[in-house]
Amino acid sequence: MDMLNARLDELMCMMGKENAQQLATEKTLRKTQASLNTTADQQNPAPALALALAPASNPMMLSKPQTFDGTRGAAAEVFAGQIGLHAVTYPERFPTDASKVVFTVLFMKDYAATWSQPYLEKVFNREPVVFNDFLKNFRSSFFDHNCRHCAEVALWNLQYWKCVGLHAGL
């Protein structure tokens, strides 16, 4: 387990460096764009559209997802929703599928953490990981796919006992 934690720390450090590099590149891009806009304004004094092109910071703050222990059904659906919200709200934090998988696994414990080990191994070995495939497998493992059957059985029981009650004079 210590080896796994060490590899996870190594991966998180690598992701932090990638994120810092991406932020530095974006900063350089903004400076270059501002310089080009200044040069263009001096050559052609037209209204600048640079403000519309500048990336807006995301003012929305989401709380961390709750840890997921492998409980099937609604808990799994809520967890998947929380992860999806983070991926959509903060795309700059999760530029790759591997970063999305690692983020998801960080909030898994117990059975769910054990289930996720093959995906972590792929990430550690720098093998390609497709986040949508990860989610598809997560859904098939933890979502309750028997909801319709349970509802049909409950409806049948309700109709049956109502019919029995009518015949028994209840």
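What the table below lists for this structure:
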quantity	calculated
Criterion (at pLDDT 70 or above and within 24 Å of the chain's Cα centre (by Cα)) met by exactly one of LEU8, LEU23	LEU23
Segment 66-95: number of residues that are over 11 Å from the mean Cα position of the chain (by Cα) and β-branched (Val, Ile, Thr)	3
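The values are calculated or read from the model by the stated rules, or taken from the named source; none is laboratory data. A quick note: this is a predicted structure, and the numbers were derived from the prediction, not measured.
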